[in-house]
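The structure appears below as structure tokens.
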Amino acid sequence: MSSLDLFAARRTDLGFRRFGTFNVTLILSWLVIAVVIAWAVAPGVFTPHSGTVGIAGQQLRAPDAAHWLGTDEIGRDVLARIIYGAANSLAGAVVAVAVGLIAGTALGLVAGAVGGRTDAVIMRVVDVLLSVPGLLLQLSIIIILGFGTVNVAIAVGVTTVASFARLMRSEVIRVRRADYVEAGFGSGGRFAAVLWRHVLPNSLGTIIAYAALQFGSAILAIATLGFLGYGAPPPTPEWGLLIAEGRKYLTAAWWLTTFPGLAVILVVLATNRISQSLRRTP
């Protein structure tokens, strides 16, 4: 076999390995998201224990066959708390991404399509929002709206509006230069109709991938605010709150913070991986 054939074979083998790894990590990521969604939809199917009521005599029990992830200070099953907490964390992330996606896409579409002074005004507002630290802006909005999962989700969503708007504006400007858009205007198409039929659909690919990335970031931000005490009140199972409650027993019961933290990390990594695959899709 010649050196050229050897090089081609090695390159093909490397390509198959990369393709296999790509598929495995992507499949695992979708599997993680599917499991968490199933937890949120039907938590009672995955655990016989309550997410809020403790069991007498089972306080601070280490992981074993009866309680796979142990129990907390009042005898509540940690796995059950994580499973029931998936609904709060995912619902909050969906609300946050929806707020940023809808508002940011609308602002970016108007700015990129209209241009001129409208574009300048919207982009200056976006620059102001981007100049404020995200956590500070979230806390300010929560103080105005009040505590709770929904208000925390809205606050997280508002902080992502600026990034969605800037990305959408750049995509709209790129698509508007395409020949088919110019042909749409040249054939007598109305401004709003051309935007709706040609510009918006062809600008959403990158936005959807970015929304998937922001979904993981929203879960992390909501967990952070829940850890600080701004999210769902006790005894509501919420991943950030579980970590905050477990830190008091960190030396005696490591599982109280470790397993909820791992749940957050796995979901964030999975959404980031899915976002990468969406961004690579033509």
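Bear in mind that the values in this text are calculations on the coordinates, not laboratory data. Because the structure is a prediction, the values reported are computed rather than measured. Methodologically, a virtual Cβ is constructed for each residue, glycine included, from the backbone with ideal geometry; neighbour enumeration extends over all protein chains shown.
Annotations for the structure displayed:
- Here the simple spin-label model places points 7 Å from the Cα toward Cβ, and for residue 125 and residue 62 these points are separated by 5.7 nm.
- Within the chain, the whole DSSP H helices whose Cα atoms reach 24 Å or more along their own axis and whose mean Kyte-Doolittle score is at least 0.5 are 3-41, 78-114, 149-176, 200-227, 255-280.
- FRET efficiency for the residue 30 to residue 74 pair, using the beta carbon distance and R₀ = 41 Å, is estimated at 0.70.
- Answer label for P(r) over Cα pairs in 10 Å bins from 0, in percent (calculated), chosen among (i) 6, 25, 32, 22, 8, 4, 2, 0; (ii) 6, 26, 35, 25, 7, 1, 0; (iii) 6, 23, 25, 21, 14, 8, 3, 0: (iii)
- Among 93, 252, 192, residue whose mean-square fluctuation peaks in a GNM of the chain (springs only between Cα atoms under 10 Å): 192
- Relative exposure of 46, 259, judged by other C-beta atoms within 10 Å (fewest first): 46, 259
- In this rough spin-label picture, where each label sits 7 Å from Cα along the Cβ direction, the residue 132-residue 251 distance is 4.1 nm.
- Efficiency of FRET from Cβ geometry, residue 278 and residue 145, R₀ 35 Å, rounded to 0.05: 0.65
- Amide H partners (placed H, <5 Å) of residue 228, local residues excluded: none
- Simple spin-label estimate for residue 23 and residue 106 in nanometres, 7 Å along Cα-Cβ: 4.3 nm
- Integer Hz, Karplus 6.51/-1.76/1.60 couplings in order for segment 192-198, x for Gly and Pro: 5, 5, 5, 4, 6, 8, 10
- Panel order for 89, 163, 140, 203, by other beta carbons found within 10 Å of each beta carbon, from fewest to most: 140, 163, 203, 89.
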